Amino acid sequence: MNKRTVIIVGIVATLLGLVLGANFYFMYYLNIEESQLASVRALENMIRHKMRHLKPAYLNRNPRFFMFRNKLLKNYKFATYENASVLWDIANWWPHENEIYPLYDSSMGQLLETLRREPITRVNNLAKGTQLKLLMRLSHKQKVIFKPQWYPRDEVIEGAVYSGKDRHAAEVYAFYLGAVLDLRWTPIVVGRVVNLKREIYANGDEELQNTIKIETDEDGNEKYCLYGKCHYCNEEETVCGDRRHNIEGVMIYIVPGTLAKRRSPWQRTYKDERRAVWEDDMSYCKSLKNKMETMRLLDLIDVAIFDYLLQNGDRHHYETREERVVLIDNGKSFGNPNKDHLDILAPLYQCCLLRKSTWDRLQVFSGGVLTEIIDRLSKSDALYPLITDKHKRGVERRLLVIYAVVEYCMDKEGDKMLKTL
Ligand SMILES: Nc1ncnc2c1ncn2[C@@H]1O[C@H](COP(=O)(O)OP(=O)(O)OP(=O)(O)O)[C@@H](O)[C@H]1O
Ligand SMILES: [Mn+2]
């Protein structure tokens, strides 16, 4: 080869190298995207496969359940009381770290009745958060948060997982679900039918009264409609009383102590056209494991399981009490019974970590008894039945998905995924 040929071959080789290099570079990026998509899909397929091969123990009743059932039924049974003030005191002393109430306490049934019966003495708008809520004062100045009904139980909310307004009964359901799964991190909640004219308007301050529209028809019948004061509140979207001015809602016990609000690492973008990093990156948890205390991570994984069962896909922030996570704001649950948003479980399948106590507890309520026990516990609530049968089937279906995801993680990590922190 003469010198010229060598130079030409050299140039051609370099050019070829550049083109190929650029191509490889391009391919490399294409592959990252493809492999990310592939890994989300592979995971879904894996979970589907696990679902088809679930052990009978996950599908049948666990004999251990009966021991828990009787204790739970006894503890949450509404009970008569004499002195509301004593019960408020007891309840306000209960919270410790993120545990809002004790495992078993003979005052619980009485407290539930107190929340249901005590007279409302004062009402204000509560402009915290984006949804309509009121601050109510009951006897002995005890304050509670009131969230009103917007939808009938069988309304199907279409669209994104966080669409729509609050589902009031979901707050009660969340309370019982927390009690059953021993995630006693939710506020205590009861349903209550309240009179918009005599209990709310009549006890409201001027600001609240100004957010209630009163209309009289030609027969002289009054109609009271509340729109309140909050980020999304407006005169066009109101909660109206029935012929007797009654509305349905929930009384949410206010958790004493200081709450700190934090951004969820699994926050959604709330934009259709933009996806969050965690939605595509199945190794998202790796970096979190280094950044976050294991205790916090385990709390958030418990939250994911809780939220997945309820289909609450709106936990953009979470709140902590004494550095532990509390389950405040569960109103966006039970939007669409026909749809399961698997990505609510991302903390579980991305981290493959789980508190052993949570895992033990989840297995106690297999075979259809989870929704059955919540149904029985909530029988004397004013909003019973809290959810439709379709939603109940959804909860049971999702419990099986959780079992399948844990099985998938067990294959990957073994028993070491279970932590006792
Ligand atoms: N039971 C409670 N005990 C103590 N504080 C509470 C309780 N419920 C709500 N809060 C406080 O009020 C704030 C707003 O409540 P919540 O999150 O339920 O409202 P929201 O309108 O649904 O808010 P968002 O639109 O951000 O989801 C909470 O961040 C919390 O600080
Ligand atoms: Mn909310």
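One quarter of the convex hull surface, Cα atoms only: what value does that give for the range 255-325 in nm²?
5.5
As I understand it, the value is the acute angle between the Cα axis of helix 168-180 and the longest principal axis of the Cα atoms of the chain; what does it come to in degrees, rounded to 10?
Rounded to the nearest ten degrees, it is 80.
Neighbour counts of other C-beta atoms within 10 Å: give me R321, R397 arranged from fewest to most.
In increasing order of surrounding Cβ atoms, one gets R397, R321.
Given a cut-off of under 8 Å on Cα pairs at least six residues apart, what relative contact order in percent is computed for the chain?
Relative CO of the chain lands at 21 percent.
Could you estimate the translational diffusion coefficient of the range 34-127 from the Stokes-Einstein equation, with Rh from the Kirkwood formula over C-alpha pairs, at 20 °C and 1.002 mPa s, in whole µm²/s?
Once the numbers are plugged in, D ends up at 118 µm²/s.
Restricting the count to DSSP beta bridges whose residues both fall in the chain, what percent are antiparallel, rounded to a multiple of 5?
90
Rounding to the nearest 10 and keeping the result within 0 to 90°, find how far the Cα-based axis of helix 84-93 lies from the longest principal axis of the chain.
20
May I ask for the Rg/Rh ratio of the range 260-301, computed from Cα atoms with Rh as the Kirkwood radius, given to two decimals?
With Rg and the Kirkwood Rh in hand, the quotient comes to 1.00.
Just subtract the alpha-carbon distance of D219 and R263 from 0.36 nm times their residue separation and send over the number in nm, one decimal.
So the extension gain works out to 10.6 nm.
By how many degrees, 0 to 90 and rounded to 10, does the Cα axis of helix 108-117 deviate from the longest principal axis of the chain?
The answer is roughly 60 degrees.
Could you list M51, M67 in order of exposure, starting from the residue whose Cβ has the fewest other Cβ atoms within 10 Å?
Ascending number of Cβ neighbours within 10 Å: M67, M51.
Based on the alpha-carbon gyration tensor of the range 100-171, what equivalent-ellipsoid semi-axes (square roots of 5 times the eigenvalues) come out, in whole Å, largest first?
Over the Cα atoms of the range 100-171, the ellipsoid semi-axes are 27, 18, 11 Å.
With the cut-off at 21 Å, report for the range 269-383 the share of all Cα pairs above it, as a whole percent.
So the pairs more than 21 Å apart make up 46 percent of the total in the range 269-383.
Might you report the magnitude of the Cβ-based charge dipole of the chain about its Cα centre, with Lys and Arg at +1 and Asp and Glu at -1, to the nearest 20 debye?
I would put it at about 1340 debye.
What's the whole-number percent of alpha carbon pairs in the range 82-253 lying beyond 20 angstrom?
Tail fraction, whole percent: 55.
With the calculation restricted to Cα positions, what are the radius of gyration and Dmax of the range 176-233 in angstrom?
Values for the range 176-233 (Cα only, Rg and Dmax): 17.0, 54 Å.
Based on the Kirkwood radius over alpha-carbon pairs, what is the Stokes-Einstein translational diffusion coefficient of the range 346-407 at 4 °C with 1.567 mPa s viscosity, in µm²/s?
100
May I ask you to list the trypsin sites (Lys or Arg not before Pro) in the range 219-309 that are in a DSSP loop and have at most 15 other Cβ atoms within 10 Å of their Cβ?
Of the trypsin sites (Lys or Arg not before Pro), the ones in loops of the range 219-309 whose Cβ has at most 15 other Cβ atoms within 10 Å are R243, R244, K271, R274, R275.
Given N residues in the chain, what is its alpha carbon radius of gyration divided by 2.2 N^0.38 Å?
That ratio works out to 1.20.
With the dipole of the range 82-253 worked out from charges on the C-beta (+1 for Lys and Arg, -1 for Asp and Glu) around the Cα centre, which of A169, S139, P187 lies farthest toward the positive end?
The listed residue farthest towards the positive side: S139.
Here, each number is a calculation from the coordinates, and none is a lab measurement. Keep in mind that this is a model prediction, so the values were computed, not measured. For neighbour counting, all protein chains shown are included, and Cβ atoms are generated from backbone atoms with ideal geometry for every residue, glycine included.
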